Amino acid sequence: MTSSRTVTRRDVLRLSGAGAAIALGSALVLPSIAHAQPKRGGVLRLAFDSGSASDTLDPAIVGQSFKVTLSFGTLRNNLTEVAGNGDLVPELAESWEATPDAKTWAFKIRKGVEFHNGKTLTPQDVIASVNHHRDKNKKSGARALLKQIEDIRIDGDTIIFSLNAGIADFPWYLSNHSLQICPVIGGKLDVLSGIGTGAYVLQEFEPGVRASGTRNPNYFKTDRAFFDEVRYRSIPDSTARTNALLTGEVDVVVPADIQTIDLLAQRDNIEIFSVVTRSHQVFPMRNTDAPFDNNDVRLAFKHSFDKKTHVERIMRGYGEVGNHQPIAKTDPFYAEGLEDLGYDIDKAKFHLRKAGLSTVNVKLHSAEGLYPGAIDACSLFRESAAPAGINVEVVREPRDGYFANVWRKRPFVASFWRARPTADMLLTTVYAEGAPYNETVWSNERFNTLLVEARSMLDFSGRKERYAEIQRIIRDEGPTIIPAFTHYVGASSNKLAHGQVGSNNTSDNGRLCERWWFA
Amino acid sequence: MTHVNPVVDEPQAPVPPPRVSLAKLSRILSLRLLLGITTLLSVSIVIFAAVQFLPGDAAEILVGQYPDEQTIAVLRRELGLDQPPVLRYLYWVGAALQGDFGNSLTSGRAISDLIGTRLQNTLYLAFYAALIALPSAFVAAIFSVLKPGGLVDRITNTLSLVFLSSPQFLIAYVLVLFLAVSMPLFPSSADMRPNTEIFRFLYICFLPAVTLSAVSAGYMARMMRAVMLDVMERPFIRMAKLKGVTPNRVVLYHTLPNALGSIAAVAALVLAQLILGVVVVETVFVYPGLGQLLVDSVSKRDVTVVQAISLIFACVYILLNLTADLIAILTNPQILYPGND
């Protein structure tokens, strides 16, 4: 797990040989900065690359950094929260427990919490907020997350969820940025006004332009929310965003522009923060199409992808080399010690020969703007794979409609997966047999068995074993080239201080406004 | 130089006969108006067709990275995207004629609400830019025709050509680099709020207004110079010069009044350019105007908003063109007065 860092992050990656030692060093140095006493006061000004005139504060509609940070991390709270160090901690739920089959979950709701309008939080608010996403007639980004819920009921100040299958990770689900708790006002759930229990009270919201909030004097977390006021701006143009930071018009930019970040890092008054996430870049190879129906061809492709150069050149060091399996190092179930399936032309040739081929011609589809350098990444692969006899033709597609017209429609494409709250969710979404987003139509019996076993298991070490085997299976037999995990990269004024920056969501798990302070 | 006969110094324009052919004037005007409306209608068809050709529709964009056919189908029905394009066009034009642009596809807000303050902001910025561009172009043009081919003329010529041919974003970034980042005199982004007072507006919008006016001022200076030089070729100017009128007086009292009509027409066209030229400037300076909303809506495939904004831009352009035509007609005696058919 990487922690919040200054520019040393890049040095760490450049000196990959001495990487471990330096990383250890910075981890030892950090706590003294991170645990400085937080101070109250000041106006925090943030600039985001997202934010659109079509934004609303409805948590059912999936948003980007601006909206997530505002509605999820600033105005409202969830039942559970992912702390900066990656642990799950109580938020509006005081505590929770499960039956041994992980099918029934009881969450005790915190007492005496007030919404911004003075209303006290009740279990009814929580139920209505969860059901907001389960209504079949409405669109919600969190519907799939909650489809296992059979029944929700109230027992005093406790809410009991009955699931139709055991889910050990269920408390993690409730930390998802869609599952914000809104108040029931006049018999209806209020999702648009921005009234929540959160650290700041909404003062203005002009979609696509700005928002602001003042400190909630009755915030139930007494050791959080240090700014008097927070002001959000939407600045989609990355040069304008960088300029706003340089001229001191804003204090934080999310994200920082990777193309110019080295120059930004040289400024004395600017600090770069960068955390490795569970989001990763993928090159799915559809299993039903030749030549990808042969695992040796897939292995040859994995061996001919130069992951290190990819991270150094395409991602400019702001990434973590992957190992063709989707579980990130920050995940509690990450399997340590799984040998690296590295760039090796001889092995690639060996596997191709084993598949009875000397050369392969494939088309790789990609689009500019899919992620920074999405076309360059494909060109790099074309160059690195050529010596193995793999001839890649890079096909440029329009970014608009890419996921509707190209992804899952072509056998070999560039794509990415955003972070999922848990390993199970990602694996179930992308690799389980018959899953709607199983982009490669991959099916592996052992994998499917392990996945179902691990899902309902409350015993951590038993789960960890199963997930370790899953990671090995995907690395060796899986359908996808996974070269790297991406970073959340932002830049801030060095007047700001903070603890360990969270890696589960943008801007310190969305909670930058309540976790950071002016030193 | 001062012993010029004041009688000789009178402007040389012919004294007009007092009768204006109203019938002819109204015929010309109604023809222009009709042409304008036809243009607007054809533009509306082009806008509608162009928007249809954008890859992917709002339904697909709304669903995002993880499309599933069912959700998209439901959304398309909700948004009316399953109707044939011709029907959708007729509905749209019909409603737009009644001033109803409909609702945004993505947020459901009324488009008139969405556009209101944005249009206002864009107009403010355009007028601010015009206030900078018009006088500077005017002064530059006058100084350069005082001595055509002279040093001042050559400098203004070169400068106007440079401004005219530089892309707006380049001018914007150069200004930001020197006047906001290196020397923090002005903000690099124009944080325009609903109740911004006038002096604060003039201050925070200085860089965007200068950027916006640079191209137009360059264009206008060249056009005005050409128009005035054209007038100066006329016989009555030669006559004035032969009578010993000083060069300054020739320009200010003889040339200028005769060129004013054409200059006003150029100014109207440039104002249209200023209003339409906001897209880049608003993006670079984070100015919440119509251009920024247009870019935002295109990326979200909010076609109803894109169509409405494009139509407004087309309206502005056609209206100001019409104004330019009108000025040209009213200041052209050959058209205005009978007996020249």
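Placing unit charges on the Cβ atoms of the charged side chains and taking the dipole of the protein assembly as shown about its Cα centre, the candidate lying farthest along the positive direction among A:Asn176, B:Leu320, B:Val210 is B:Leu320. In this structure, the amide hydrogen of A:Arg45, modeled 1.01 Å from its nitrogen in the peptide plane, lies closer than 5 angstrom to those of A:Arg231, A:Asp251, A:Val252, counting only residues at least 5 positions away or on a different chain. GNM on chain B, alpha-carbon springs under 10 angstrom: the most fluctuating residue among B:Gly149, B:Gly289, B:Gly102 is B:Gly149. Remark on the stretch A:143-278: Rg and Dmax equal 20.1, 57 Å (Cα only). For the options B:Leu159, B:Leu87, B:Leu105, a Gaussian network treatment of chain B with springs between C-alpha atoms closer than 10 Å singles out B:Leu87 as fluctuating the most. Average projection, convex hull of the Cα set of chain A: 23.2 square nanometres.
Hey, what number do you get for chain B at 222 nm if only DSSP H runs of n ≥ 4 count, each worth -39500 (n - 2.57), divided across all residues, to the nearest 500?
It comes out at -22500 deg cm²/dmol, rounded to the nearest 500.
The Cβ shell under 10 Å around A:His365 holds other residues with a net charge of +2, Lys and Arg each +1, Asp and Glu each -1. Among B:Ser30, B:Ser310, B:Ser136, determine the one that fluctuates most according to a GNM of chain B built with springs between C-alpha atoms less than 10 Å apart. Maximum fluctuation in the GNM of chain B, among the listed residues, is at B:Ser30. Pairs exceeding a 24 Å alpha-carbon distance, out of A:Lys308/A:Lys495; A:Lys329/B:Lys300; A:Lys147/A:Lys409; A:Lys147/A:Lys188; A:Lys108/A:Lys147: A:Lys308/A:Lys495; A:Lys329/B:Lys300; A:Lys147/A:Lys409.
How big is the shadow of the Cα convex hull of the stretch A:276-487, averaged over all directions, in nm²?
Spelled out: convex hull of the Cα atoms, projected over all directions, averaged, 10.7 nm².
Expressed per residue, the C-alpha convex hull volume of chain B stands at 190 Å³.
For the stretch A:412-483, the alpha-carbon radius of gyration amounts to 1.08 times the rule-of-thumb value 2.2 N^0.38 Å expected for a compact globular protein.
For chain A, the 222 nm mean residue ellipticity estimated from helices alone, with every DSSP H stretch of n ≥ 4 adding -39500 (n - 2.57) and the total spread over all residues, rounds to -7000 deg cm²/dmol.
Using Cβ point charges alone (K and R +1, D and E -1), the dipole size of the protein assembly as shown about the Cα centre works out to roughly 1800 debye.
Only alpha carbons enter this Debye calculation for the stretch B:95-228, each as an equal point scatterer, and the log10 of I(q)/I(0) it gives at q = 0.15, 0.17 Å⁻¹ is -0.85, -0.96.
Values in this text are rule-based calculations from the coordinates and carry no lab data. Small disclaimer: the values here were computed from a predicted structure and weren't measured. Cβ: placed from backbone, ideal geometry, glycine included. Neighbour counts: every protein chain shown.
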